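Chemist: Got a structure for you, questions after.
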Amino acid sequence: MSSNQSLAKRDLAVLWHPCTQMKDHESFPLIPIKSGQGVWLEDFDGNRYLDAISSWWVNLFGHANPAINAALKAQLDSLEHVIFAGFTHQSAVELAEKLVDVAPAGLVRCFYADNGSAAVEVALKMSFHYWRNQGQSQKTKFITLENSYHGETLGALAVGNVALYKETYAPLLMEVITVPGPDCYVREPGETCAEYSMRRFELMEQALQRHAESVCAVIIEPLVQCAGNMRMYDPVYLSLLRAACDKYHVHLIADEIAVGFGRTGTLFACEQASISPDFMCLSKGLTGGYLPLSAVLTTEQVYQAFYDDYQRLTAFLHSHSYTGNALACRAALATLNIFQQQPIIAQNKQLAAIMAQATERFKAHPNVAEVRQTGMIVAIELVKNKRTREPYPWQERRGLKVYHYALSKGVLLRPLGNVIYFMPPYIITEAELMLVAEVAWQGLQLAVKD
Ligand code: PMP
C-alpha cells in the first residue's frame, strides 16, 4: 500500500469531507497532501499538483509563502489568541486600520468573524438591527439575486440561490425576495454585457419599488457569481444598484468574499463601479489562504446606530469565540503588506492577458458555448450543443472527467458542474498557465467524448 493509500484509508474510516458524496471515494481516491510550495502541492507518493483553483479561491501568494510564514512565526511567539471582548491586540488593530485604509470610501468600521458565511450572517444581522435601532422594525426582508451564493450556514444559505445547496434545506430557511440576475451568459445575441446588465436592472428597480418598505438590504456578489458557475456581469449594474439603494433607503451588502483582494483586476470589485457598499464582507484571500478569518466593513452611520448607553439595549451582541484571532490577523497583515510592497494589481493585468491568450482556442470548440473572464478568473462553459447552448445533463458529470484527467496530469482543476475555470494564485508563471490551459484542453476533449 502506498503512503497515499494508507493515509486515505485512515481518513475514510473517521472523516466526512465538505461538498462530497462520500461514496464517490469508493471509486476515486482521496489525495493526501504532504506539503505545499508556491503553486504546487505534493502528495505522500511524491506526485505534484498545480493548484489552479487556489485551494477553493483562498490562496493568493502561494503555499508556504516565506513572508507570511515569517509573520506567523513571529506572532506565534508573542500571542496566539485572546478573547476579543474587553481585550484587543496589536495585529487586530493594525489589520482593521489597513482594511479601512484600502477599502472603498466610507467603510471605516471593521467587525471580525471567522469564515465567509459568518461574515454574511453578521452583515445581515447588522443591517436588520440597524433599521430596528432606527425605529424601522418593519424592515425584515432581504433582496438577493438569482444564481447567487453567500455561504451555507442557514442565514447565508437563505440569501443564496443555488438550488444544489439550498433546496434540501428550504423548510429551514427565512424567506427572501429573489430578483432575476444580470448574468451576461444569457444576454440576447448582439446585446453587450453592459446593455444586458442595464436591462436586467429594471427588475431590481421594480423589486425595490415594490418592497423597499419591508427590505433591510440587497446582498450581491460584485461582478462574478463564483459558486453559481462563474457567471459574470457588468459594473454598470453595481452603479445602478448603489443609486437605487440610496433612493429607496435600503442597505447594499457587497459580498466580496470570493472576488476581493485583486481577483477581478482591482483590489475590490466594487471599485470598478466606483461605489461604496454599506457593508462589505471579506474572507478567503484576506489571510492569503492561511487561516480562517473574515471581516465585515461598514460605515460610521451604521456604527453610531448601535452606540448608546447599555441600558438601551442597542448593542450588536454577535460573538464568535475566535473573533479577531491573532494568528489569522497577522497572516492577513502579511498578505496586505505584499499588496503594498509589490505592484500586484499591475502584474495581475499581465497574468490576466496571458490567461485570455491561453484560453483563446477554447472559444471555437464545438462544445464550448462561452469563454468568459474577469481579471484573474477565466471560465469555460461546456455545452452539449453550441448553437442552442443546450447543457449536458448534470448526471453525466462531465466536469468531473476533467477533474480526474487534470489530476492525472498534475493539475488541480475543480470544475463547477460543466464549467471549467482557472482561478490561480497570483504567483503563477506564464509557463505554468500554459500547462494549466493545455491540460484543461486535453481534459475537455476527453470529457465531451460520448
Ligand atoms: N460568499 C461567497 C461569495 C463565497 O464564494 C463563499 C465561499 N465559496 C462564501 C460566501 C462562504 O465562505 P465560507 O466558505 O468561508 O463560509
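Chemist: Run down the aspartates and glutamates and flag those whose C-alpha is under 17 Å from the C-alpha of K386, throwing out any fewer than 8 positions away in its chain.
Modeler: Output for K386: E188, E360, E370, D450.
Chemist: Which entries of K141/K284; K34/K409; K284/K349 show an alpha-carbon separation above 23 angstrom in the structure shown?
Modeler: Check vs 23 Å cut-off fails for K141/K284.
Chemist: Then there's this: Could you list, by residue number, the cysteines of the chain that have no other cysteine's beta carbon within less than 4.7 Å of their beta carbon?
Modeler: C19, C110, C216, C226, C245, C270, C281, C329
Chemist: With an 8 Å Cα cut-off and a minimum separation of 6 or more residues, compute the relative contact order for the chain in percent.
Modeler: 20
Chemist: Between the alpha-carbon centers of segment 184-202 and segment 1-69, tell me the distance in whole angstrom.
Modeler: Cα centres, segment 184-202 to segment 1-69: 40 Å.
Chemist: Here is a follow-up. Can you give the % of DSSP beta bridges in segment 69-341 that are antiparallel, to the nearest 5? Please list the in-between numbers first.
Modeler: Details: 11 of 25 bridges.
Close to 45 percent.
Chemist: Take I177 and E42, extend 7 Å from each Cα along the Cα→Cβ direction, and tell me the distance between the two endpoints in nm.
Modeler: Result: 5.6 nm between the two label points.
Chemist: Ok, one more. Rounded, prolate or oblate: which fits the chain, taking a ≥ b ≥ c as square roots of the Cα gyration tensor eigenvalues, rounded meaning a/c under 1.5, else prolate when a/b beats b/c?
Modeler: oblate
Chemist: Another question, if that's okay. What order, most packed first, do the peptides 367-374, 276-283 have when packing is the mean number of other Cβ atoms within 10 Å of each residue?
Modeler: 276-283, 367-374
Chemist: Per DSSP H run of n ≥ 4, the term is -39500 (n - 2.57); total these for the chain, divide by its residue number, and report the mean residue ellipticity at 222 nm rounded to 500 deg cm²/dmol. Don't skip to the answer; put the middle values down first.
Modeler: On the way: 14 runs with 167 residues, N = 450.
-11500 deg cm²/dmol, from helical runs alone.
Throughout, read-outs are computed from the coordinates displayed, never taken from laboratory work. Since the structure is predicted, the reported quantities are computational estimates derived from the model, not experimental observations. Methodologically, a virtual Cβ is constructed for each residue, glycine included, from the backbone with ideal geometry; neighbour enumeration extends over all protein chains shown.
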